[in-house]
Amino acid sequence: MAWAPSRSRAASDADTAKSERAPKPVRPRRNPLSLVVRFVAMVFAFAFMVAFAVILARLTLEPSPASVDLTHTNLHPGASLKLYLDQPEMRDAIRQIGGNILLGVPFGILVPVIAPKTRGILRILLLTAVVMLLVEFAQGALVEGRAFDIDDVILNTSGALIGYLLLGRRLSRAVHKPAKKA
């Protein structure tokens, strides 16, 4: 017959094993000054995002009655870019393409600071594309002298990617860095 520990012995062994387990790690505390700095950074980022939204709305959602005959909907990626580049004045092409790229840069910088869970290239690209698609739909459907242009979405999203890679990722990590372990 094989030896088997009694119930009281097994229970005692289980209690010993539980008491020998590593204690729960203590959650490190943040420095109160770092919390204040983080809060101030978030408030500034939010304020800049509101300002960006106002500028975006003014640039994209104000009617342009003089442009009614010039605007057309573009659903073919690259078609508007080709038209811009075929213009006799290269300055106009640079202004149009560069302006759309620059319009996306603040989005790539500010969104990861305000919402750290959006940090990541794919998340930023997806979020920017969705927001810019909504802006373009509103332009095409509601605003006189404006039209939907898929190239604008592509350029704005490219600008957000540039902003994220140059500054947004670093700022977000600086503001939302994990607490140091004690």
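The values are calculated or read from the model by the stated rules, or taken from the named source; none is laboratory data. These figures come from a predicted structure and were not determined experimentally. Cβ: placed from backbone, ideal geometry, glycine included. Neighbour counts: every protein chain shown. Only protein heavy atoms, including side chains, enter the accessible area calculation; ligands, DNA and RNA are left aside. Shrake-Rupley method; radii C 1.70, N 1.55, O 1.52, S 1.80 Å.
Can we say Arg169 is outside any loop (DSSP other than H, G, I, E, B) and free of Cβ contacts under 8 Å to residues at least 24 places away in the same chain? Spelling it out, it is not the case that Arg169 is outside any loop (DSSP other than H, G, I, E, B) and free of Cβ contacts under 8 Å to residues at least 24 places away in the same chain. Scanning region 119-133 for residues that are free of Cβ contacts under 8 Å to residues at least 40 places away in the same chain and either outside any helix (DSSP H, G or I) or farther than 25 Å from Ser172 by Cα (or both) yields a single hit, Gly120. In this structure, Phe48 does satisfy being more than 18 Å from Phe137 (Cα to Cα), modelled with pLDDT of 85 or more, outside any loop (DSSP other than H, G, I, E, B) and open to solvent by 90 Å² or more (accessible area, probe 1.4 Å). Looking across region 102-143, the residues that are surrounded by 19 or more Cβ atoms within 10 Å (Cβ to Cβ) and β-branched (Val, Ile, Thr) come down to Val105, Ile109, Val111, Val113, Ile124, Thr128, Val131, Val135.
With respect to Ile162, is the statement that it is more than 24 Å from Val40 (Cβ to Cβ) and open to solvent by 20 Å² or more (accessible area, probe 1.4 Å) true? It is true that Ile162 is more than 24 Å from Val40 (Cβ to Cβ) and open to solvent by 20 Å² or more (accessible area, probe 1.4 Å).
When region 144-159 is filtered for residues that are farther than 13 Å from Ile97 by Cα and open to solvent by less than 30 Å² (accessible area, probe 1.4 Å), the ones remaining, listed by number, are Gly145, Ala147, Phe148. Considering the conditions (1) of a type outside the set (D, E, K, R); (2) closer than 28 Å to Leu171 by Cβ; (3) open to solvent by less than 60 Å² (accessible area, probe 1.4 Å); (4) at pLDDT below 85, Asn31 is excluded by exactly one of them, (3). Checked against the criterion of being surrounded by 12 or more Cβ atoms within 10 Å (Cβ to Cβ), assigned to a helix (DSSP H, G or I) and among the β-branched types (Val, Ile, Thr), region 61-70 contains not a single residue that satisfies it.
Scoring Leu161 on the criteria (1) modelled with pLDDT under 95; (2) in a helix (DSSP H, G or I); (3) out of contact with any strand residue (DSSP E or B) (no Cβ under 8 Å at 6 or more places or on another chain) leaves a single failure, condition (1).
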